[in-house]
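Let me begin by presenting the structure, written as C-alpha cells, before commenting on it.
Bear in mind that the values in this text are calculations on the coordinates, not laboratory data. Computed from a predicted structure; not experimentally measured. With ideal geometry, Cβ positions are generated from the backbone for all residues, glycine too; neighbour counts draw on all protein chains shown.
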Amino acid sequence: PNNCGIGVSGAGARRHPVQNTMIKLFSLKQQQKDGEATGKASNQKRASAAQLRITKDINELNLPKTCQMEFPDPDDLLSFKLVICPDEGFYRGGRFVFSFRVSANYPHEPPKVKCETMVYHPNIDLDGNVCLNILREDWKPVLTINSIVYGLQYLFLEPNPEDPLNKDAAEVLQNNRRLFEQNVKKAMLGGYIGATYFERCLK
C-alpha cells in the first residue's frame, strides 16, 4: 500500500483532517479568550498564538501526493511528523520521516525539524540535522509549514553539494554522480557506505 498521501494518524484519524483542525481552531480561540479573561501570564498567550497559527497552517496545507502528515497525538498540533516518499530522482521509492517541533515563538522562529530516517544525503547529516536555508537564516514569519514541506521535498529532487552537512556524500555527488546514485541505492536497500550502516528505507 502507498504510505504517502494526505492523512492524520492517531486517535483522531477517523475525522477528516480539515474538520479536525477547524474544531481545534475554534477550541483554541476559546482557550485564548478564557486565558485573557482570567489574566494568565503572557507565556500562555504566546503559546496560544503559536497554536492558532500552526492550526491555520495545517488547515491550509496543500501537500504534494508524495507527502503525508502524521499526528502521533491529535491533541498536540505543535509536534508532528512528515513522511516524504519521492517518486523521482536519486531517492525514488524511499520513505523518509521528519519530526517537527513548533515552539511558543512560532512563527517568529522556525520549527525544529529533524530527519528520523538515516539517509545518505549531502544536506542531511547522520544525526538527522537538515541543511535547508528557510529553517535557518532565511526563515520569515510569512513562511508556513507548507513552505518547509516543499523545501524538504526539493532536497530529495535536487541535493545540493555546495552547502553540505555530509561532506563525504557531497564530494561523491560533485565528482562521480554514478557512484553517488549507487551509494544512495545501497543505503536505501540497507547496507554499509564506508563504516556507516544504513537501515532499509525502501517502501
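In terms of the mean number of neighbouring beta-carbon atoms within 10 Å, the peptides 95-104, 120-129 order highest first as 120-129, 95-104. So which of K56/K186; K114/K203; K114/K186 end up more than 29 Å apart by C-alpha? Violating the 29 Å limit, Cα to Cα: K56/K186. Per residue, the convex hull spanned by the Cα atoms of segment 84-150 measures out at 91 cubic angstrom.
Just order 138-144, 163-169 by mean Cβ neighbour count inside 10 Å, highest at the front, would you?
163-169, 138-144
Indicate the gyration tensor shape class of segment 148-203 (rounded, prolate or oblate), computed on the Cα atoms with a ≥ b ≥ c the square roots of the eigenvalues: a/c under 1.5 is rounded; otherwise a/b larger than b/c is prolate and the rest oblate. Kindly include the intermediate steps, with their values, before the conclusion.
Working: a/c = 1.83, a/b = 1.17, b/c = 1.57.
Oblate.
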